[in-house]
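The values are calculated or read from the model by the stated rules, or taken from the named source; none is laboratory data. Owing to the predicted nature of the structure, the values given are computational and were not obtained by experimental measurement. Cβ placement follows ideal geometry from the backbone for every residue including glycine, while neighbour counts extend to all protein chains displayed.
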């Protein structure tokens with residue numbers, strides 16, 4: 001805009017009369033930072049902390065529900081000891097004398113895996129990692145978790161036994177949990193339950209079995225693994241990124257927590273490969 005010099009001079013006089021000082025326009029070519037570099041206070045350097053990458057594990061403990069990862073604030077379990085809980089579980093198991101329970105127990109004994117029941121239990125007690133290979137239909141998926149739980153309850157250690165069993169698919173986790181609950185003459189949510197994405201029927205806090213997908217267990221591991229005694233990874237021959245990552249985590253956890261019990265199961269598996277791993 002072309003403005004006469006007289007107008008410019010008149011404007012300058014008016015601005016000066018009002019004691020207004022024009023701002024300095026920064027050259028667009030100059031590269032200046034808007035950050036304030038003024039140091040207000042100096043603080044001592046903080047100590048560098050080493051963050052552990054190993055997931056923490058704790059066996060079943062009093063006043064803790066492992067399936068929801070929280071304390072038990074109400075009810076008799078909030079103050080009960082592990083020994084008293086184990087005795088209650090043992091008495092409840094002894095009361096199962098219905099005809100249906102006897103018939104279903106006989107069906108379980110007819111499965112091929114029943115022949116190796118005691119051998120499997122002995123190996124689990126002696127070692128922290130077990131590889132089990134069995135043909136499809138032998139009953140390993142439904143029976144081995146029950147063998148572990150029943151043996152613990154029978155020996156008065158039921159409260160110290162909480163088992164997680166992973167399945168590659170959600171439909172498998174649900175259907176197997178329903179089958180196990182049927183064999184035990186129970187409703188889902190008693191000694192057996194399942195947890196898949198967007199759907200869960202969780203079992204009791206002590207002396208129980210949870211069937212879940214690998215993804216659900218990985219999410220639980222984000223906050224640590226407390227209150228779990230046995231981890232069973234089923235169908236490990238179905239290699240995917242979640243299962244492989246889970247095995248890496250479990251291997252590192254076993255180096256720090258050798259008391260953990262990990263059971264790997266599959267119908268077709270290269271035993272040598274996993275033994276070396």
Answer residue from segment 147-174, given it is out of contact with any helix residue (DSSP H, G or I) (no Cβ under 7 Å at 6 or more places or on another chain) and in a loop (DSSP other than H, G, I, E, B) and is nearest to residue 194 (Cα to Cα) among those: 169
Subset of segment 103-138 (residues that are within 21 Å of residue 276 (Cα to Cα) and crowded, with 16+ Cβ neighbours inside 10 Å): 120, 124, 129, 130, 131, 132, 133, 134
Check on residue 253, touching a helix residue (DSSP H, G or I) at 6+ places or on another chain (Cβ under 7 Å), within 21 Å of residue 276 (Cβ to Cβ) and either surrounded by 16 or more Cβ atoms within 10 Å (Cβ to Cβ) or in contact (Cβ under 8 Å) with a residue 60 or more places away in the chain (or both): no
Residue in segment 136-144 that is part of a loop (DSSP other than H, G, I, E, B), over 20 Å from residue 193 (Cβ atoms), modelled with pLDDT under 95 and in contact with a strand residue (DSSP E or B) (Cβ under 9 Å, 6 or more places away or on another chain) present: no
Some residue of segment 201-208 being touching a helix residue (DSSP H, G or I) at 6+ places or on another chain (Cβ under 9 Å), part of a loop (DSSP other than H, G, I, E, B) and closer than 17 Å to residue 128 by Cβ: no
Sole residue being at pLDDT 75 or above and assigned to a loop (DSSP other than H, G, I, E, B), chosen from 20, 15: 20
In segment 182-199, the residues that are under 18 Å from the mean Cα position of the chain (by Cα) and either touching a residue at least 60 places away in the same chain (Cβ under 8 Å) or closer than 20 Å to residue 81 by Cα (or both): 193, 195
Total residues in segment 209-226, condition assigned to a loop (DSSP other than H, G, I, E, B) and crowded, with 19+ Cβ neighbours inside 10 Å: 0
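Could you grab me the full set of residues in segment 245-277 that are assigned to a helix (DSSP H, G or I) and closer than 13 Å to residue 214 by Cβ?
Across segment 245-277, the qualifying residues are 245, 246, 247, 248, 249, 250.
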Qualifying residue in segment 229-246 (condition: within 14 Å of the chain's Cα centre (by Cα), over 15 Å from residue 165 (Cβ atoms) and touching a residue at least 60 places away in the same chain (Cβ under 8 Å)): no
Output for segment 72-85, where each listed residue is within 28 Å of residue 196 (Cα to Cα) and either surrounded by 11 or more Cβ atoms within 10 Å (Cβ to Cβ) or in contact with a helix residue (DSSP H, G or I) (Cβ under 7 Å, 6 or more places away or on another chain) (or both): 72, 77, 78, 85
The lone exception for residue 62 - which of (1) more than 21 Å from residue 165 (Cβ to Cβ); (2) modelled with pLDDT under 95 it fails: (2)
Enumeration of residues in segment 235-244 that are in contact with a helix residue (DSSP H, G or I) (Cβ under 7 Å, 6 or more places away or on another chain) and either under 13 Å from residue 54 (Cα atoms) or in a helix (DSSP H, G or I) (or both): 242, 243
